[in-house]
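Working notes, structure below.
Derivation of every value follows stated rules applied to the coordinates shown; laboratory data play no part. If you're wondering where the values come from, they're calculated on a predicted model, not measured in any experiment. Positions of Cβ are backbone-derived with ideal geometry, glycine not excepted, and every protein chain shown enters the neighbour counts.
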Amino acid sequence: MLALILILCMILGESLHVPLSCTPPCQRSLRRLTSTVLLAKKSSPGRAGLLPRSALEKSLKYHGMDADKAESVLSIAERSLVEWKTTFSSFLSPEEMNAIDQAFADVVDVKVHPIGGYTQAERVIAAFSRQEEWEAMAIEEATSEEDELNAVIALVNIEGNFLLDKATDTDFRDSLLALPYIEAHMLGDIVVLGERGCQVLVTSQAAADVMALKQVRSVPITCSRIELSGLKVRPQSVKDLSCVESSTRLDAIGSAGLGVSRSRMVKAIEAGQVTVNFKVAKSANASLKSGDVVMAKGLGRLDVLDIGETRKGKVRANVRKTV
């Protein structure tokens, strides 16, 4: 009888025994998720992470971005995924921002948004956010967006009397780059205010160093940081136009679309101030086609919508002018 009871106890004990490794499914999922995040945080550039770094780096380079900048951009983008927050690049050229747009076009988890201080800014900062965070940000009020913008971009007012010694945006930029701690990627657009000076958009971290500027050309100046709402630029204007020319030459369609003389367009091209599809135009006789994007410094942007032919055999270009 005693032996029978012992045998029954052993059978019941085996059927009730739960192995230590049998963790509930929800806990196993949570453990895997935690493990994945920790691995992503520890991953160094070039190793497995949350983004397809190899494919993205290849695309960035293909669209004209140098290797060091591409590596920096990918690290910033991946940090937004790992840390669940919006991360920001430094200022980028139009070509660099276009490279990012092209590379990240098919990336589902990360959204990229350019911010430059105003709508038609040429040099912008890329803001990277998770998809979930991006959707939440879209619901927020405009005031919170302005606060975030002020935390990333600073506006510095540079005042002086340039009546007898006029300065261009290049003069102001060169003077700023001559300062000890200022580099090109810290500077955004420079808005020249005629003979009174200029306003310059900079990264917030660089604002204090920019304030050390005392002279531009031969003119003594004073610097002050002001709110972004004080930026003196014209409201963005978008206009669709149709122009008829004898050819598809850049200087012909460009001058007609942007509303400037052909000689002025040629000078801008020769000065390296005109880009076609975010690459500096080499020649005024370059041929344009549908889908091309022309940007001319100080003149605006021209999107070539389509190019056709008139009954008389001339070129009709439908374009969109943005200034």
Q.
Can you tell me how segment 151-230 classifies by the Cα gyration tensor, rounded, prolate or oblate, using a/c under 1.5 as the rounded cut?
A. prolate
(Q) Just to confirm a number: summing +1 for Lys and Arg and -1 for Asp and Glu over residues other than Cys223 whose beta-carbon lies under 9 angstrom from that of Cys223, what do you get? (A) +1
Q) Which one of Ser224, Val191, Ala154 has its Cα pushed farthest toward the positive end of the charge dipole of segment 151-230, where Lys and Arg give +1 and Asp and Glu give -1 at the Cβ? A) Ser224
Q: Quickly work out the Ala178-to-Ala55 label distance, labels modelled 7 Å from Cα along the C-beta direction, and quote it in nm with one decimal.
A: 4.9
Q) In nm, to one decimal, how far is the Ser246 label point from the Glu159 one, both placed 7 Å along Cα→Cβ? A) 5.2
Q. For labels at Gln273 and Thr168 in the simple 7 Å Cα→Cβ model, what's the distance in nm?
A. 0.6
(Q) Give me the extension gain from Val152 to Leu305: residue separation times 0.36 nm, minus the current Cα-Cα distance, reported in nm with one decimal. (A) 51.6 nm
Q | Cα gyration tensor shape of segment 259-323, rounded if a/c is under 1.5, else prolate or oblate by comparing a/b with b/c | A | prolate
Q) Using mean Cβ contacts within 10 Å as the protection proxy, how do 69-80, 249-260 order, highest first? A) 249-260, 69-80
Q.
Sort Val294, Val108 by Cβ crowding within 10 Å, fewest neighbours at the top.
A. Val108, Val294
Q: Might you report the magnitude of the Cβ-based charge dipole of segment 206-294 about its Cα centre, with Lys and Arg at +1 and Asp and Glu at -1, to the nearest 20 debye?
A: 220
Q) For segment 151-204, which GluC sites (Glu not before Pro) are in a loop by DSSP, counting at most 15 other Cβ atoms within 10 Å? A) Glu183
Q) What ³J(HN,Hα) values, in whole Hz, does the Karplus curve 6.51 cos²θ - 1.76 cosθ + 1.60 give for segment 53-63 when θ = phi - 60°, with x put for Gly and Pro? A) 4, 4, 5, 5, 4, 4, 5, 4, 5, 4, 8
Q) Val216's amide H: which non-local residues (gap 5+, or another chain) put their own amide H closer than 5 Å, with H modeled 1.01 Å from N in plane and none for Pro or chain starts? A) Ile221
Q: First select every other residue whose beta carbon is under 11 angstrom from the beta carbon of Thr322; then total the charges, Lys and Arg +1, Asp and Glu -1.
A: +2
**Q.** Extension gain, Trp84 back to Arg264 (0.36 nm per residue minus Cα-Cα distance, nm)
**A.** 60.0 nm
Q) HN-Hα J couplings of segment 252-262 from phi, Karplus 6.51/-1.76/1.60, θ = phi - 60°, integer Hz, Gly and Pro as x? A) 6, 5, x, 5, 5, x, 8, x, 10, 5, 5
Q. With the Cα gyration tensor of segment 53-139 giving a ≥ b ≥ c as the square roots of its eigenvalues, does the rule (a/c under 1.5 for rounded; else a/b larger than b/c for prolate; else oblate) give rounded, prolate or oblate?
A. oblate
